[in-house]
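Following: one structure in structure tokens, then a few remarks.
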Amino acid sequence: MREPILRTAALSVGYSGHVVIDGVELALVPGRITTLIGPNGAGKSTILKTLIRQLRPVSGKVLLDEKDVAVLGERELAKSVAAVLTARPRPELMTCADVVSTGRYPYTGRLGILSQRDRQVVREAMELVHVTELESLDFNRISDGQRQRVLLARAICQEPRVLVMDEPTSFLDIRHKLDFLCLLRQLAREKALAVVLSLHELDLAQRFSDMVLCVRAGRMDRIGTPEEIFQGDYITRLYGVEHGCYDALLGGVESERVTGRPEIFVVGGGGSGIPLYRRLQRLGIPFAAGVLPENDADVPIARALAGELITSPPFEPVGAEGVTRALELSARCRGVICTVERFGAVNQANRALVEAAEARGALLSPDAPELASET
Amino acid sequence: MDEKRKLRCTVCFLLLAALLAVLLVVNVMAGSARLELGEVVRILLNREGDNAAIIWGIRLPRLLTAALLGGALSVSGFLLQTFFANPIAGPFVLGISSSAKLVVALTMIFSLAHGLAVSSLTMVLAAFLGAMLSMGAILLVSARLRSMSLLIVCGVMIGYICSAITDIVVTFASDSNIVNLHNWSLGSFSGREWGDVRIEAVVVLAALVLAFLLSKPMGAYQLGESYARNMGVNVTRFRVELILLSSVLSACVTAFAGPISFVGIAVPHLMKTLFRTARPILMIPACFLGGAVFCLLCDLIARTLFAPTELSISSVTAVFGVPVVIWMLLKRQRSKEGEA
């Protein structure tokens, strides 16, 4: 592992002497993306502001190349650490190129006149983040996605080694979120930038971070690779999710399960049941699902939403016990819905289940009017 | 694009310079004693002739005062607008002019009552003290209030209080001084002597140069305080410098010409529209020239429109300045709606 450029030492951050987070441990390494996650108000911004010296540490230090940033000159710090902040600047009569070139501030002379080299850096930064065509547009008249990229180009113009970003993808649509983070990945790699950012999009944090820091209720709760952080129900606990849940492996949310005696029994599998589980949840109909092999794509969603779920060991025919339970359970439901089209060799138990339902006239089609009328 | 911008700025500067030259000449010629251009040139070159006293003693100091102080007001407005990130901030709206006026009035009355002569330097210092007082009050308020419109309301209120106290003081001042004080408290470029002009020139030009040297951090500050800080601006020091400079400029104006309204808001806006940029490095000289042109024009109107009766300069600047301010507010509202 390479040496960190920026690290913290026994750092406590907060406002005017009042500690918000104690024991902030952070080491930013070139080429790596470090992401801060945690609930609203946990103090992610407070940490980031302290790193860029917009807040004084309550105690401890932020070290840039092992030197305390508190003693660095403004210019020196600006040449090493650049930021994209949550503040949304609304400069008057400034083109995007004007905004980007303000990043040359620490390099220009007394009057801030751009040299040939400054202009070249600005041009290259704009090309790198693909905003060259916005050059002469008014900064106040571009979209949120474009604005974030222009601000990123501005930060790159400072030729920093550390890039600090506070929720850079909020307000962006999904395409621009992905574009922005892919760009960041590329920048981190090509320019050996140490990147630290806060994100609310957990799925993106999981996929784009090298290191994840979890901030909760006044402390750094966990630090680890995405693989270490996004597992089990840790994220659900980190955010104190009460209604619904977060699937750490798939990176998706499910809303709250409908409780009550199951009315519908769903025979799904291979992902075919997922839309129906979600529809039943929306309609407020409690349901049961089964029999699903434990490795089936339906299982995580069914587990989150179904009142009862019957599973069987993967790659094996469903055992007798599972079949009996499923038959009993489905018999107590007012309807059975089957979303699979073909039953494979190890799935004959489910065929029997569906045939039994058909025999007693309880087999419903997935778009049966009974489902809708229940609301 | 860059070439086009440069061309535009050059043309605008030349235009302003030409307007300034024309207005300077017209201001010398026009007045109750109408002078021919030839005579003016002769008198300026030889300093003698029948009307030499009018030109050298009255008109030149007056027009130089109008040009210098007009420029100072606009630059002061531009600095305050940058500081507060608010286009309607200005020395008059924030109550700075009025509180400078109050302290100057108190100083004058106190000195006259004790039989002391008031030197122009004392006036400037008194005005600066007044400006700093209301600036301090505004800063205290702005630390608590994030809302810019409330800040402006506070400024206007401070202005009213100071004007009211000044009026009361003037009402009870001893008779002999009232006329003098009354004219001044309405705002006028008249009655300046060469000694005053010298002090005006030194103070205004020095502040102008210093403001120009601040144009780089000002440009960064236009992106907001946090970005400026990240770019390496020492924000605390910068803010102090900006406040001191804008206060010195508006104090100097108030000391010599009384409170003059709307120049500080209208001229920077006109210049931004004309130059199509808000870059401080261009706007500071542009505002200075523009303010000089604006005030020379307003002063010309003030003293010639109903001659021999002279209008107060503030009445004229308000008549021309207010429509500009309203136009600006409407335009901003429209552009905001356009974005939404």
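Worth a mention:
- So B:Val253, is it among the β-branched types (Val, Ile, Thr), in contact with a Gly (Cβ under 9 Å, 6 or more places away or on another chain), more than 30 Å from A:Arg104 (Cα to Cα) and more than 8 Å from chain A (Cβ to nearest Cβ): yes
- Whichever residue in segment B:216-234 is at the interface with chain A (Cβ under 7 Å from one of its Cβ atoms), touching a Pro at 6+ places or on another chain (Cβ under 7 Å) and assigned to a helix (DSSP H, G or I) and, among such residues, is nearest to A:Leu55 (Cα to Cα): B:Tyr227
- Failed item, numbered, when A:Thr46 is tested on (1) in a helix (DSSP H, G or I); (2) more than 14 Å from every other protein chain (Cβ to nearest Cβ): (2)
- Extreme residue, farthest from B:Leu242 (Cα to Cα), among residues of segment B:108-138 that are surrounded by fewer than 14 Cβ atoms within 10 Å (Cβ to Cβ) and either in contact (Cβ under 8 Å) with a residue 12 or more places away in the chain or of a type in the set (S, T, N, Q) (or both): B:Ala113
- Qualifying residue in segment A:180-196 (condition: within 18 Å of A:Ala42 (Cα to Cα) and in contact with a Ser or Thr (Cβ under 7 Å, 6 or more places away or on another chain)): yes
- Filter result for the condition that a residue is modelled with pLDDT of 85 or more, of a type in the set (Gly, Ala, Ser) and within 12 Å of A:Val266 (Cα to Cα), over A:Ala356, A:Ala297, A:Ala349, A:Ala302: A:Ala302
- The residue of segment A:157-176 that is surrounded by the most Cβ atoms within 10 Å (Cβ to Cβ), among those that are among the β-branched types (Val, Ile, Thr) and at pLDDT 95 or above, is A:Val164.
- A count restricted to segment A:99-123 and to residues that are among the small types (Gly, Ala, Ser) and either within 33 Å of the chain's Cα centre (by Cα) or modelled with pLDDT of 95 or more (or both) stands at 2.
- Residues being assigned to a helix (DSSP H, G or I) and among the charged types (D, E, K, R) are entirely absent from segment A:3-10.
- No other residue among A:Asp144, A:Asp179, A:Asp173 is acidic (Asp, Glu) and over 18 Å from the mean Cα position of the chain (by Cα) apart from A:Asp144.
- Under the condition of being part of a loop (DSSP other than H, G, I, E, B), of a type in the set (A, V, I, L, M, F, W, C) and more than 7 Å from chain B (Cβ to nearest Cβ), the residues counted in segment A:95-113 number 1.
- Residue in segment A:212-225 that is in the same structural domain as A:Arg189 (by TED's automatic domain parsing), under 14 Å from the mean Cα position of the chain (by Cα), aliphatic (A, V, I, L, M) and farther than 17 Å from A:Leu48 by Cα present: no
- Flag if A:Leu36 is in a helix (DSSP H, G or I), assigned by TED's automatic domain parsing to the domain that holds A:Val150 and under 20 Å from B:Ser226 (Cβ atoms): no
- Highlighted here are the strands (runs of 3 or more DSSP E) found entirely within segment A:217-266 that include at least 1 residues which are touching a residue at least 12 places away in the same chain (Cβ under 8 Å) and out of contact with any helix residue (DSSP H, G or I) (no Cβ under 8 Å at 6 or more places or on another chain): A:219-224.
- Tally, over segment A:79-98, of residues that are under 29 Å from the mean Cα position of the chain (by Cα) and of a type outside the set (Ser, Thr, Tyr): 10
- 1 or more residues within 14 Å of chain A (Cβ to nearest Cβ) and under 19 Å from B:Ala72 (Cα atoms): qualifying helices (runs of 4 or more DSSP H) within segment B:258-340: B:263-275, B:280-304
- Residue in segment A:65-87 that is nearest to the other protein chains (Cβ to nearest Cβ), counting only those that are surrounded by 14 or more Cβ atoms within 10 Å (Cβ to Cβ) and among the acidic types (Asp, Glu): A:Glu74
- Counted residues, segment A:180-195 - those being buried (at least 22 other Cβ atoms within 10 Å of the Cβ) and acidic (Asp, Glu): 0
- Just one residue in the set B:Ile313, B:Ile243, B:Ile260, B:Ile281 is modelled with pLDDT of 90 or more and surrounded by 16 or more Cβ atoms within 10 Å (Cβ to Cβ); that residue is B:Ile281.
- Residue in segment B:95-108 that is at positive phi and at pLDDT below 85 present: no
The values are calculated or read from the model by the stated rules, or taken from the named source; none is laboratory data. Here the structure is a predicted model, which is why all the values come from computation and not from measurement. All Cβ positions, even for glycine, are placed from backbone atoms using ideal geometry, and neighbour counts span all protein chains on display.
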